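What follows is a single structure, written as structure tokens, with notes after it.
Just so you know, all these numbers are worked out from the coordinates, no wet-lab data involved. None of these values were measured; they are calculated from a predicted model. Methodologically, a virtual Cβ is constructed for each residue, glycine included, from the backbone with ideal geometry; neighbour enumeration extends over all protein chains shown.
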């Protein structure tokens, strides 16, 4: 197996703690009892997929939700509930990235959307060497900005070509088995990050 020169990281549940149940609970408090059937970690309906690939605006997303739920809620309430999934950065993991930078080219590949993107950048606490969270990486790839999302093969092919890196020399770390399987089919080395693991415990260096 070729030596690893590049590492691609997922974001949520890898570098940043998330809790899907908090968003489900937040929507339930708004009177939306069936949100978990509309969206979960493994099944994304067309509305959420379009948001994550930047095909619809935030306003269109909120309007579609309102039409679906038929309740008198505001965009601000929906935004707060949607962002409830976001907890905070894994500080030890982020610090470990600084160590990895001496040995590998680091990339970020995240299924996200403009609403969450804005919020987790707000939550980032700058350090002198890294004014923004993107500064930890050679390049970052957010699904809503590149209009592609995991686990479709096209997104991995795009990243490999855009970054100019070889699949066999690249390790991809993600918490979703679907995403891992898709990357592995393209010859990318992979690690499925379990809920009991953190990147700093994997012994990469």
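A few points about this structure:
- Segment residue 157-residue 192, length gained on full extension (0.36 nm per residue, minus Cα span): 10.7 nm
- Looking at the chain, the pairs of alpha carbons with a distance over 21 Å make up 54% of the total.
- Placing R0 at 35 angstrom, the Cβ-Cβ distance between residue 67 and residue 98 gives a FRET efficiency of 0.15 after rounding to 0.05.
- Crossing angle, helix 114-123 versus the chain [Cα axis fit, 0-90 degrees, rounded to tens]: 70 degrees
- Once the Cα atoms are used to define both axes, helix 91-100 deviates from the longest principal axis of the chain by about 30 degrees.
- Residue-span extension gain [residue 88 to residue 125] - 0.36 nm each, minus C-alpha spacing: 12.3 nm
- To the nearest ten degrees, helix 153-163 and the longest principal axis of the Cα atoms of the chain are 50 degrees apart.
- Take every Cα pair under 8 Å whose residues are at least 6 apart in sequence, average their separation, divide by the length of region 16-143, and the relative contact order is 31 percent.
- Antiparallel DSSP beta bridges within region 1-153, percent to nearest 5: 35 percent
- Descending semi-axes in whole angstrom, ellipsoid equivalent of region 20-83, from the Cα gyration tensor: 17, 15, 10
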